[in-house]
Amino acid sequence: MSLRRFKQVDVFTRIPYLGNPVAVVLDAEGLDVAQMQRIAGWTNLSETTFVLPPTTATADYRLRIFTPREELAFAGHPTLGSAHALLEAGIVRARDGRLRQECGAGEVQIALDEDTAAARLWLESPPARVTAVDAALLGPLEQALGAPIGRDPSPQRVDVGPVWLVARIADAVDRAAPGAHSGARPRAARTDRGRRSAVHAA
């Protein structure tokens with residue numbers, strides 16, 4: 001494998017070593033999927049991205065996003081961090097105040113407040129794909145959570161790149177506490193006085 005240009009970017013901060021890190025391989029052309037996955041495992045960050053030439057006339061570049069275990073169609077902080085790295089390296093320039101990223105979820109629009117590496121960036125996320133959770137999975141999920149799952153509203157699978165299972169349980173905070181029960185513990189977030197939780201299918 002030949003040498004590749006590589007950056008590690010701290011997203012959501014202007015202070016080094018804070019924020020949410022992402023590894024960006026700036027010239028990934030020629031790497032196959034197995035090589036990309038191996039590099040993502042080596043960086044051991046939540047996501048590593050690989051910049052490629054676009055395959056559409058409208059996109060400025062193409063981005064592939066990998067966790068240490070799998071490829072994602074889209075993810076927010078890797079998209080923003082990669083755009084920043086490309087601007088800083090002088091690889092892309094904004095057109096009409098925007099970058100256009102091609103990825104597994106389609107074309108993502110990234111807005112800039114100025115055409116420099118110091119620009120603040122905003123993205124327009126692809127629409128979430130929401131489907132009902134297979135009823136056969138509810139029993140194992142209840143066992144993992146150690147709590148019954150409400151059926152009204154019905155649990156939903158929300159795909160925004162990473163996949164989340166969104167369900168109603170009686171007490172999200174208690175059930176999500178470390179040591180609350182043995183076995184797998186999906187992460188839960190409390191909203192609406194603990195009546196709803198979003199469980200990440202990690």
In this structure, does Thr49 turn out to be hydroxyl-bearing (Ser, Thr, Tyr) and not in a loop (DSSP other than H, G, I, E, B)? yes
For Phe66: the one exception among (1) farther than 15 Å from Ala28 by Cα; (2) free of Cβ contacts under 8 Å to residues at least 40 places away in the same chain: (1)
Can you confirm whether the stretch 119-129 contains a residue that is modelled with pLDDT under 95 and more than 17 Å from the chain's Cα centre (by Cα)? yes
Checked against (1) surrounded by 15 or more Cβ atoms within 10 Å (Cβ to Cβ); (2) touching a residue at least 60 places away in the same chain (Cβ under 8 Å), Leu87 satisfies every condition except (2)
Qualifying residue in the stretch 105-112 (condition: crowded, with 20+ Cβ neighbours inside 10 Å and under 13 Å from the mean Cα position of the chain (by Cα)): yes
Going through the stretch 6-59 one residue at a time, which ones are surrounded by fewer than 13 Cβ atoms within 10 Å (Cβ to Cβ), on the phi > 0 side of the Ramachandran plot and free of Cβ contacts under 8 Å to residues at least 12 places away in the same chain? Tyr17
Any idea which of Leu26, Leu80, Leu63 is in the same structural domain as Glu114 (by TED's automatic domain parsing), under 20 Å from Glu124 (Cα atoms), at pLDDT 95 or above and in contact with a helix residue (DSSP H, G or I) (Cβ under 9 Å, 6 or more places away or on another chain)? Leu63
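The values are calculated or read from the model by the stated rules, or taken from the named source; none is laboratory data. Owing to the predicted nature of the structure, the values given are computational and were not obtained by experimental measurement. Note: ideal-geometry Cβ built from the backbone for every residue, glycine included; neighbour counts use all protein chains shown.
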